[in-house]
1. Might you check whether a residue that is crowded, with 16+ Cβ neighbours inside 10 Å, under 16 Å from B:Arg77 (Cβ atoms) and within 14 Å of chain A (Cβ to nearest Cβ) occurs anywhere in region B:134-154?
2. Let me spell it out: the conditions are (1) open to solvent by 20 Å² or more (accessible area, probe 1.4 Å); (2) touching a Ser or Thr at 6+ places or on another chain (Cβ under 9 Å); (3) assigned to a loop (DSSP other than H, G, I, E, B), and B:Leu162 meets all of them except one. Which number is the exception?
3. Identify all residues within region B:71-90 that are within 14 Å of another protein chain (Cβ to nearest Cβ) and either within 10 Å of B:Val59 (Cβ to Cβ) or of a type in the set (D, E, K, R) (or both); write none if there are none.
4. Quick one: in region A:1-40, which of the residues that are surrounded by 14 or more Cβ atoms within 10 Å (Cβ to Cβ) and basic (Lys, Arg) is nearest to B:Glu139 (Cα to Cα)?
5. Can you tell which of B:Gly71, B:Gly60, B:Gly133 is small (Gly, Ala, Ser) and under 12 Å from the mean Cα position of the chain (by Cα)?
6. Can you tell me which residue within region A:41-76, out of those that are within 14 Å of chain B (Cβ to nearest Cβ) and out of contact with any Asp or Glu (no Cβ under 9 Å at 6 or more places or on another chain), is surrounded by the most Cβ atoms within 10 Å (Cβ to Cβ)?
7. Across region B:64-83, which residue is farthest from B:Gln113 (Cα to Cα) among those that are open to solvent by 40 Å² or more (accessible area, probe 1.4 Å) and at pLDDT 95 or above?
Amino acid sequence: MSLKYLKEAVANNDTEKLIRYVRLHFGDGNEAAGRKEIDKAWMEALKLLLDVPATDREIILQTLADRDAATLAHLFFHLHFYFVQRSGEWIHDGQL
Amino acid sequence: MTDNSEATVQLRPGLWATVNKRYPGSMIHKDDYIPLAKLRKPLGEARLSFVSTAGVQPVGIMPFDTVHPIGDYTFRRVPSDAKPADLKIHQLKYPTTGALRDLNVIFPIERLQEFAREGVIGGLTENFFSFIGYNMDAERLERTLAESIAEQVVAECADAVLLAPA
């Protein structure tokens, strides 16, 4: 796959190609593994909130309001890997 | 300096066709050739530079962007006299177990330092260059990253460059 491939998918609203790419990215080329990685990140995030701890909503809302969408999208990818790493189940060959 | 007189000789004919066949969706189309360059002086007199896709960088600076879905198109200078302990790997796409034990398996900086001391090569450029190989935009990689590194290599008066993919 390439950027051109992804842009064509966006232009054609080919959501299957796009989500497949995201899964392949998170799964190091393995789509099934990528799907599990996405689930793993969300479960890890959920576990942290089960006891309803105090969180810094002010900074969350401020960040969402102040930052551009591309920066937030980049942050989204960072958060995925943050929670995957935090889960302790690291499938990747390398390191962040 | 190197001799580009055979610049029209293709290093690997059909390279991009092979890439596109192995990796459907790569969609890389190039009609021009990869220029070859002849070494104009003996290796023992040549100043060598090193370009690596291993994601190796000095400790304590902005790490490579290993999470970006389209890749990181920046490079890092790695002082050629650095010790492995001064360096760190930031990448997600190749096994690092061996490299974490001995960085030279992926980034042979100490071997190149030895070659320079022993006179196998004439010397090393002040810096080596490193980036991460995960890049989805081949055109941008060629147009910006590769061009920038090439300029730096020339600025450091390299006679030859060792290219090493990770």
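The values are calculated or read from the model by the stated rules, or taken from the named source; none is laboratory data. Being a predicted model, the structure only gives us computed values, none of them experimental. Cβ atoms come from the backbone with ideal geometry, glycine included; neighbour counts cover every protein chain shown. With ligands, DNA and RNA removed, areas are computed over all heavy atoms of the protein, side chains included. Shrake-Rupley method; radii C 1.70, N 1.55, O 1.52, S 1.80 Å.
1. Yes, there is a match, as at least one residue in region B:134-154 is crowded, with 16+ Cβ neighbours inside 10 Å, under 16 Å from B:Arg77 (Cβ atoms) and within 14 Å of chain A (Cβ to nearest Cβ).
2. Failing condition for B:Leu162: (3).
3. Those that are within 14 Å of another protein chain (Cβ to nearest Cβ) and either within 10 Å of B:Val59 (Cβ to Cβ) or of a type in the set (D, E, K, R) (or both): B:Asp72, B:Leu87, B:Lys88.
4. Ranking the qualifying residues of region A:1-40, first place goes to A:Lys4.
5. On the way: B:Gly71 fails: under 12 Å from the mean Cα position of the chain (by Cα); B:Gly60 fails: under 12 Å from the mean Cα position of the chain (by Cα).
Every option except B:Gly133 fails the conditions.
6. Ranking the candidates gives A:Ala41 first.
7. Selected residue: B:Thr74.
Rundown of residues vs (1) free of Cβ contacts under 8 Å to residues at least 60 places away in the same chain; (2) in contact with a Pro (Cβ under 7 Å, 6 or more places away or on another chain); (3) β-branched (Val, Ile, Thr), yes/no style:
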{"site": "B:Gly98", "(1), (2), (3)": "yes, no, no"}
{"site": "B:Ile106", "(1), (2), (3)": "no, no, yes"}
{"site": "B:Arg111", "(1), (2), (3)": "yes, no, no"}
{"site": "B:Gly122", "(1), (2), (3)": "no, no, no"}
{"site": "B:Asn135", "(1), (2), (3)": "no, no, no"}
{"site": "B:Leu141", "(1), (2), (3)": "no, no, no"}
{"site": "B:Glu147", "(1), (2), (3)": "yes, no, no"}
{"site": "B:Ala150", "(1), (2), (3)": "yes, no, no"}
